[in-house]
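This report concerns only the one structure given below.
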Amino acid sequence: MFEKRIKRGSESWNFIYMVLGVLLAIEIFVLSILSWNFLSKIVVFLIIFTISLWLCLFNAWFQNKLIGLKIKIEEAWKKI
C-alpha cells in the first residue's frame with residue numbers, strides 16, 4: 001500500500017512552532033489568573049500542554065489548518 005506523507009519546509013515548521021508558543025503563553029496566562037490551588041493548575045496545564053503539543057506537532061489535520069491560516073495571512077500582507 002502507498003502511504004501519503006506531507007513534507008513540510010522549515011518555514012512551515014517555524015510557523016507551527018510559533019503558534020504552539022503563542023497557545024502555551026495564552027494557556028499559562030489564563031491559568032495564572034485563576035484562583036485555583038497550585039496542584040490543580042499544574043494538572044490542568046499538563047493536560048492542556050499535552051493536547052496542544054499533540055495538535056501542533058502530530059495532528060496532520062490541525063497542521064493543514066495552520067498552514068492554510070499562514071497562507072491567508074501571507075496573501076493579506078501582499079495586498080497591503
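General observations
- Across the chain, the mean sequence separation of Cα contacts (distance under 8 Å, 6 or more residues apart), normalised by length, yields a relative contact order of 36 percent.
- Taking the chain as the region of interest, the number of lysine pairs whose Cα atoms are within less than 30 Å, with members eight or more places apart or on different chains, is 13.
- Candidates W13, W36, W54: whichever shows maximal mean-square fluctuation once the chain is modelled as a Gaussian network with Cα springs under 10 Å: W36
- Restricting the chain to GluC sites (Glu not before Pro) in coil, as DSSP defines it, with at most 10 other Cβ within 10 Å: E3
- Under the combined filter of DSSP loop state and at most 15 neighbouring Cβ atoms within 10 Å, the chain retains these trypsin sites (Lys or Arg not before Pro): K4, R5, K7, R8.
- FRET efficiency for the pair F38 and N59, taken as 1/(1 + (r/R0)^6) with r the Cβ-Cβ distance and R0 = 22 Å, rounds to 0.15.
- Overall, the accessible surface of the chain at a probe of 1.4 angstrom is composed of carbon and sulfur to the extent of 71 percent.
The values are calculated or read from the model by the stated rules, or taken from the named source; none is laboratory data. Values in this document were obtained by computation on a predicted structure and should not be read as measured data. Positions of Cβ are backbone-derived with ideal geometry, glycine not excepted, and every protein chain shown enters the neighbour counts. For the accessible areas, the whole protein counts, side chains as well, though only heavy atoms, and no ligand, DNA or RNA atoms are used. Shrake-Rupley method; radii C 1.70, N 1.55, O 1.52, S 1.80 Å.
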